[in-house]
1. With the structure loaded, tell me whether PRO189 is closer than 29 Å to ASP121 by Cα and not hydroxyl-bearing (Ser, Thr, Tyr) or whether it fails that test.
2. Scan segment 112-145 residue by residue and report those that are among the hydrophobic types (A, V, I, L, M, F, W, C) and under 30 Å from LYS7 (Cβ atoms).
3. Filter segment 202-220 down to the residues that are open to solvent by 20 Å² or more (accessible area, probe 1.4 Å) and within 26 Å of GLN248 (Cα to Cα), then identify the one that is modelled with the lowest pLDDT.
4. For segment 37-53, indicate whether the set of residues that are under 17 Å from the mean Cα position of the chain (by Cα) and within 16 Å of ALA231 (Cα to Cα) is non-empty.
5. Scan segment 180-203 and report the pairs whose first residue is in contact (Cβ under 8 Å) with a residue 24 or more places away in the chain and closer than 10 Å to ILE154 by Cα and whose second residue is open to solvent by 20 Å² or more (accessible area, probe 1.4 Å) and in a strand (DSSP E or B), with Cβ atoms within less than 8 Å and a gap of 6+ or a chain change.
6. Please determine whether any residue of segment 167-175 is in a helix (DSSP H, G or I), at pLDDT 90 or above, surrounded by fewer than 17 Cβ atoms within 10 Å (Cβ to Cβ) and touching a Ser or Thr at 6+ places or on another chain (Cβ under 7 Å).
7. In segment 221-251, what residues are buried (at least 16 other Cβ atoms within 10 Å of the Cβ) and either under 24 Å from ASP210 (Cα atoms) or among the aromatic types (Phe, Trp, Tyr) (or both)?
8. Would you please name the residue that is nearest to LYS2 (Cα to Cα), looking only at residues in segment 202-245 that are assigned to a loop (DSSP other than H, G, I, E, B) and β-branched (Val, Ile, Thr)?
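The values are calculated or read from the model by the stated rules, or taken from the named source; none is laboratory data. Since the model is a prediction, treat every value here as computed from it, not as a measurement. Ideal geometry is used to build each Cβ from the backbone, glycine not excepted, and the neighbour counts take in all protein chains shown. Please note that ligands, DNA and RNA were not included when accessible areas were found on the heavy atoms of the full protein model with its side chains. Shrake-Rupley method; radii C 1.70, N 1.55, O 1.52, S 1.80 Å.
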Amino acid sequence: MKPLNGKVAIVTGASRSTGIGAAICLSLAKAGADIFFTHWSKFDEKEGNGIEVGFPTMLSEKIKSFGVRSEHISLDLSLDESPTKLLEAVEETLGTACILVNNATYESPSNFRELNTKMLDKHYKVNNSGTLMLSVEFAKKYEKVFRTKKDGRIINLVSGGPDPNNLAYIATKGMIIAITEPLSVALAPIGITVNSINPGPTDSGWINEDIKDYLLAQFPTGRLGKPEDVAKVITFIASDDSYWLTGQTIRCEGGFLGK
């Protein structure tokens with residue numbers, strides 16, 4: 001039997017074939033989970049790495065090829081109503097989710113000369129407010145529906161390091177790292193574990209040859225991180241075997257030296 005059979009997982013931010021979000025969806029689906037994923041092409045088109053027309057439908061069909069169900073929705077996580085909208089859509093189509101992977105993120109380069117409150121607020125609305133409110137609403141619904149189960153999972157994608165050109169992004173991801181442990185203590189009594197994963201530099205479509213050459217020397221394993229690397233770890237954390245693991249921020253980065 002597959003380890004995630006009968007479970008429903010939410011994955012936010014799966015918009016591109018080379019992205020971490022898509023790899024997570026496919027890995028969880030292979031393990032037997034039904035998948036509901038979100039995407040937001042307006043960010044990818046204007047500020048991200050570009051859009052792939054029709055990709056959400058293609059990803060959904062690929063997920064279904066593993067014998068599980070799949071649904072998806074276009075969602076702007078910066079809006080206050082988005083957590084409720086998402087959870088209601090999941091419940092109406094696949095049932096109540098017990099796994100939440102907070103992968104959606106907002107990132108725009110910012111050094112100390114460029115950083116302003118408008119830029120910081122854009123990061124905060126998605127990376128902090130959107131992520132945290134989705135997590136607590138997910139927990140409330142889980143507590144109401146699964147009164148006797150202990151298989152809830154919240155898994156956050158985080159980042160860090162000394163990059164002086166990503167101040168807003170790293171600052172807001174730092175808040176998610178900070179909330180991981182206290183939230184895990186709060187949700188342990190109702191059967192939900194909370195963990196965060198820092199995948200380090202991952203070749204998910206944004207790394208050009210110059211960046212690759214710079215980063216490669218800092219990976220003692222001899223290669224860059226792949227989306228599938230972190231997806232496999234997330235699949236383990238989503239399983240019942242990880243129940244005793246909670247409140248942790250895990251570096252899944254192949255020994256990357258540029259911390």
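1. So PRO189 fails the test.
2. VAL126, LEU132, MET133, LEU134, VAL136, PHE138, ALA139, VAL145
3. Applying the first criterion (open to solvent by 20 Å² or more (accessible area, probe 1.4 Å)) to segment 202-220 yields 203, 205-214, 216-218, 220.
Narrowing further to those that are within 26 Å of GLN248 (Cα to Cα): 203, 218, 220.
Numbers: ASP203: 86, GLN218: 90, PRO220: 92.
Out of the qualifying residues, it is ASP203.
4. yes
5. THR180/THR249; ASN195/THR249; ASN195/ILE250; SER196/THR249; SER196/ILE250
6. The answer is no, given that none of the residues of segment 167-175 is in a helix (DSSP H, G or I), at pLDDT 90 or above, surrounded by fewer than 17 Cβ atoms within 10 Å (Cβ to Cβ) and touching a Ser or Thr at 6+ places or on another chain (Cβ under 7 Å).
7. Answer for segment 221-251, where residues must be buried (at least 16 other Cβ atoms within 10 Å of the Cβ) and either under 24 Å from ASP210 (Cα atoms) or among the aromatic types (Phe, Trp, Tyr) (or both): LEU224, GLY225, LYS226, PRO227, ASP229, VAL230.
8. Step one: filter segment 202-245 for residues assigned to a loop (DSSP other than H, G, I, E, B), giving 203-208, 217-224, 226, 239, 243-245.
Checking the rest, the ones that are also β-branched (Val, Ile, Thr) come to 207, 221.
On the way: ILE207: 34, THR221: 30 Å.
Once the filter is applied, the top-ranked residue is THR221.
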